[in-house]
1. Treat the count of other C-beta atoms within 10 Å as a stand-in for reagent exposure and order 14, 45 from fewest to most.
2. Loop only by DSSP, 14 or fewer other Cβ within 10 Å of the Cβ. Give me the trypsin sites (Lys or Arg not before Pro) in segment 4-42 that pass, ordered by residue number.
3. Assuming R0 = 25 Å, can you tell me the calculated FRET efficiency for the pair residue 17 and residue 59, based on Cβ-Cβ distance, to the nearest 0.05?
4. Which shape class, rounded, prolate or oblate, goes with segment 1-94 when its Cα gyration tensor gives a ≥ b ≥ c as root eigenvalues, a/c under 1.5 marks rounded, and past that a/b bigger than b/c marks prolate?
5. Only loop residues by DSSP count here, and only those with at most 13 other Cβ atoms within 10 Å; note down the chymotrypsin sites (Phe, Trp or Tyr not before Pro) in segment 1-61 that meet that.
6. Within the set of other residues whose C-beta is less than 13 Å from the C-beta of residue 28, count the net charge using Lys and Arg as +1 and Asp and Glu as -1.
7. Work through the residues other than residue 58 whose Cβ is under 14 Å from its Cβ and net out their charges, Lys, Arg +1 and Asp, Glu -1.
Amino acid sequence: MSGTRSYQLRYDPIRLRTFQARLLRWFRRNGRDLPWRKTRDPYKILVSEVMLQQTQVDRVRGYYTRFLREYPTIRDLAAAPPARVRESWEGLGYYARPGTCTQRPGRLRGSTRVGFPDAWTR
């Protein structure tokens, strides 16, 4: 590999732990209370990630809650007509994004197993 340098990251473990502790302490005092931080459900996390793409957090809060009320599971979203999903998204902008949420479960629509895989493959 001509012209490429190899760099090795060096760090001081004590300074790293100190930084981590300070950052976590700051977050406990200042972190915003957001609904997607209270779940480990991959579907709900996917919805929040797609909604948050190039959209302000305060705008997403209400939409996130309403969207999950209308489509509480990946099965509900997979069964919904794409036009209805887009209507639920109105006001968030970037209207191609709901397709991201409907395409993934849509691929599983004919399957007996609708959900997230245990492992991702390419």
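1. In order of increasing Cβ crowding within 10 Å: 14, 45.
2. The qualifying sites are 5, 10, 32, 40.
3. It comes out at approximately 0.10.
4. Judged from the Cα gyration tensor, segment 1-94 comes out prolate (a/c at least 1.5, a/b above b/c).
5. 7, 11
6. +4
7. +2
No lab work stands behind these numbers, since they all come straight from the coordinates. Since the structure is predicted, the reported quantities are computational estimates derived from the model, not experimental observations. All Cβ positions, even for glycine, are placed from backbone atoms using ideal geometry, and neighbour counts span all protein chains on display.
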